[in-house]
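Below: the structure, in structure tokens.
The values are calculated or read from the model by the stated rules, or taken from the named source; none is laboratory data. Model, not experiment: these values are computed from the prediction. Neighbour counts are summed over all protein chains in view; Cβ atoms, including those assigned to glycine, are modelled from backbone coordinates with ideal geometry. Protein only, heavy atoms only, side chains kept; ligands, DNA and RNA dropped before computing areas. Shrake-Rupley method; radii C 1.70, N 1.55, O 1.52, S 1.80 Å.
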Amino acid sequence: MTLVSPTEGSTADRGAARSRRLWSQAEARALYESPLNELLFRAHCVHRANFDPNRVQLSRLLSIKTGGCPEDCGYCSQSAHHNSGLKASKLMAVERVIEEARKARDAGATRYCMGAAWRSPKARDMEVVVAMVEGVKALGMETCMTLGMLDVEQAQQLKTAGLDYYNHNIDTSERYYGEVITTRSFADRLETLANVRDSGIKVCCGGIVGMGEEPVDRVDMLVTLANLPEPPDSVPINMLIPIEGTPLGHERPIEPIEFVRTIALARILMPQSYVRLSAGRTAMSEEMQALCFFAGANSVFVGDTLLTADNPSEDKDTALFRKLGIEPMELSAR
Ligand code: SAM
Ligand code: DTB
Ligand code: SF4
């Protein structure tokens, strides 16, 4: 079903109102299953038409409240339902968060993402996170938060504070979702996304691959994202980091080419979104990451810790980017 002309985002679209099409599952599946060279070529052309292919946006993550989460997400070290051995901690002080953000900015990050292990923020938490957004914004960085479910009022409060992005993932297909999380529904997730979108905050929404899902689930997850009332501005694709003590702690790793196909399909379905090669990079070869960048990934988390899990060291990433001729993207590059 075509909404507007299916340009997949020509250069002429840049800065203009987003022309887009809706994708059927059959079309997206056919792309995902096409010969790898066809898929990569098409994804790379879409990427070039919309972005500088040699620039990657760098974000830094900080866990502002770790562990003890009441949700039961089967992959997560922070859920109180599992025994990952993670030590829970209270909400960080505002000054400390701002200090960490300053260090990240000085090291080249342009976006600062703050995550809390909550089902949703309480009223007293909102005052604190609002102060964090204001403080990090004042450093000249873009801000992103992921705090669980938000109602209309909470989303509006964060918008007023100046929050740029809110991350809330659908995680997988609607069909597979119940196998991974039971304490909040797929519909709950969509409701939070609507509240964020309606507030005017940019939406960051993606998922995890390698949780035992079928290829069709990866495709359906991306179709759901692409067909939202507006595609997310940023689409994190995480590769499961298996955490001992969680239900998915012994999941078999996804075949790397399947992961690359997922990135390529995300790029084709959402031509103008940042596609973020998110969790799981420590388990990826340089060649696999290079293929992901060719397929359209153009954002990564830098710094040796994500929220609780490991990420490649800065030295390693600097060496990789040098080998690939990739430069960090400046703030507001597009
Ligand atoms: N508690 C908030 C929430 O879930 O909305 C925010 C933090 S949560 C850790 C953010 C996202 O990180 C999850 O939605 C999931 O996609 C990703 N994630 C968490 N644990 C992961 C793991 N072990 N491997 C890969 N991705 C993971
Ligand atoms: C997202 O999709 N990936 C990031 C970010 N959003 C908040 C988080 C990855 C977390 C990986 C597991 C951990 O560090 O605990
Ligand atoms: Fe809690 Fe988020 Fe982890 Fe789920 S992913 S258990 S909501 S911290």
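Remarks
- Accessible area of the chain belonging to carbon and sulfur atoms, whole % at 1.4 Å probe: 51
- Stokes-Einstein D in µm²/s, Kirkwood radius over Cα pairs - the range 205-334 at 37 °C with 0.692 mPa s viscosity: 215
- Charged-residue dipole, Cβ positions (Lys, Arg, Asp, Glu), the range 193-286 about Cα centre, Debye nearest 20: 300
- Pairs of Lys residues in the chain, spaced 8 or more positions apart or belonging to different chains, with C-alpha separations under 28 angstrom: 27 in total.
- Extension gain, A107 back to E327 (0.36 nm per residue minus Cα-Cα distance, nm): 77.8 nm
- Debye intensity ratio I(q)/I(0), log10, the range 218-266, q values 0.25, 0.33 Å⁻¹ (C-alpha model): -0.97, -1.22
- For the chain, the Cα gyration tensor yields ellipsoid semi-axes of 28, 22, 21 Å (square root of five times each eigenvalue, largest first, whole Å).
- A Stokes-Einstein calculation at 20 °C with viscosity 1.002 mPa s, built on the Kirkwood radius of the range 125-197 over Cα pairs, returns a diffusion coefficient of 162 µm²/s.
- The range 138-192 and the range 286-334 have Cα centres separated by 24 Å.
- Top of S278, S77, S313 by mean-square fluctuation, Gaussian network on the chain, Cα under 10 Å: S313
- For the range 225-300, the spherically averaged projection of the C-alpha convex hull amounts to 5.5 nm².
- Distance (nanometres) between label positions extended 7 Å along Cα→Cβ at I257 and S24: 2.8
- Given charges at beta-carbon only (K, R positive; D, E negative), |dipole| of the chain in Debye: 620
- Hydrodynamic analysis of the range 172-258 uses the Kirkwood radius over alpha carbon pairs. Inserted into Stokes-Einstein at 4 °C and 1.567 mPa s, it gives a translational diffusion coefficient of 93 µm²/s.
- Remark: the chain carries 43 Å² of accessible area per residue (probe radius 1.4 Å; ligands, DNA and RNA excluded).
- Overall, the ratio between the Cα radius of gyration of the range 24-63 and 2.2 N^0.38 Å, rounded to two decimals, is 1.62.
- When the Cα gyration tensor is reduced to axis lengths a ≥ b ≥ c, the ratio a/c is 1.5 or higher for the range 34-115, and with a/b not above b/c it is classed as oblate.
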